[in-house]
1. Tally the residues that are of a type outside the set (D, E, K, R) and closer than 11 Å to B:Asn2 by Cβ, restricting the search to segment B:174-202.
2. Which one of B:Ala41, B:Ala45, B:Ala30 is touching a residue at least 12 places away in the same chain (Cβ under 8 Å), outside any helix (DSSP H, G or I) and in contact with a helix residue (DSSP H, G or I) (Cβ under 8 Å, 6 or more places away or on another chain)?
3. Can we say B:Leu13 is under 22 Å from B:Gly151 (Cβ atoms) and part of a helix (DSSP H, G or I)?
4. Go through (1) more than 14 Å from chain A (Cβ to nearest Cβ); (2) under 13 Å from the mean Cα position of the chain (by Cα) and name the single condition B:Phe67 misses.
5. Which of the residues that make up segment B:14-52 are touching a Ser or Thr at 6+ places or on another chain (Cβ under 9 Å) and aromatic (Phe, Trp, Tyr)?
6. Exactly one condition in (1) farther than 20 Å from B:Tyr153 by Cβ; (2) at pLDDT below 95; (3) away from chain A (no Cβ under 14 Å) is not met by B:Tyr80; state its number.
7. What tally of residues in segment B:161-206 results from selecting those that are within 14 Å of another protein chain (Cβ to nearest Cβ), assigned to a helix (DSSP H, G or I) and at pLDDT below 95?
8. Give me the pairs: first residue in segment B:87-104 and more than 17 Å from B:Tyr127 (Cβ to Cβ), second residue buried (at least 19 other Cβ atoms within 10 Å of the Cβ) and among the polar types (S, T, N, Q), beta-carbon distance under 6 Å, and six or more apart or on different chains, which are they?
Amino acid sequence: AKEEEGHDEL
Amino acid sequence: MNIFRLAGDMTHLASVLVLLLKIHTIKSCAGVSLRTQELYAIVFATRYLDIFTSFVSVYNTFMKLVFLGSSFSIVWYMRYHKAVHRTYDREQDTFRHWFLVLPCLVLALLIHEKFTFLEVLWTFSLYLEAVAILPQLVLLQRTRNIDNLTGQYIFLLGGYRGLYILNWIYRYFTEPHFVHWITWIAGLVQTLLYADFFYYYFLRFIGGRGVE
């Protein structure tokens, strides 16, 4: 979910 | 988080610290392209707009602040700090970097994962980062010899995205549905642009000479 909603990488 | 991404982030952090060290301690930015630094400031400003809206982790937010702060302070140093500005090679640093911004913006408007304001700017930052090193590499060709700190800065900056590629390969095989072609292709192009530099940089290690 986190990955879909936004970007978890810098 | 995996070891490749952590190594990538640490390498990226090391690159900005090396540059800040050089500029802040010896008050010199000789051999450093202000235009590449300006592009990187735009890259981070457009990539981390979500810093206020989506919280991923303390680490993620902290690193975003570090990259934003360092890139803008390096631009400020090189533009406005008297001693540092004096060492800036304005005549040689002439790559028309603003010509890179518009095509990246147009490309981001055409090719993106979601057509939202944040996502288009995020994609723009990926495309811009892929080519942001060009002014620096052109300046490198012109200034022939560069000092070790500048060489290390470029090496680390090029290496971080290469480590990210390993991270994407790792995540592709360990996480279902982890597919981000745009990020992968931009990251690959970015890393390939350093191929020439890496070749001479390793020659330097073998030959024990300065980076020519």
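1. Qualifying residue count, segment B:174-202: 1.
2. Testing whether each residue is touching a residue at least 12 places away in the same chain (Cβ under 8 Å), outside any helix (DSSP H, G or I) and in contact with a helix residue (DSSP H, G or I) (Cβ under 8 Å, 6 or more places away or on another chain) leaves just B:Ala30.
3. Judged against the criteria, B:Leu13 is a match.
4. Here B:Phe67 meets the rest and fails (1).
5. Within segment B:14-52, B:Tyr40, B:Phe44, B:Tyr48 meet the criteria.
6. Every condition holds for B:Tyr80 apart from (2).
7. Result for segment B:161-206: 0.
8. Note: pairs meeting the criteria are B:Asp93/B:Ser33.
The values are calculated or read from the model by the stated rules, or taken from the named source; none is laboratory data. Every value quoted in this text rests on a predicted model; they were computed, and no experiment measured them. FYI the Cβ positions are ideal-geometry reconstructions off the backbone, even for glycines, and counts take in every protein chain you see.
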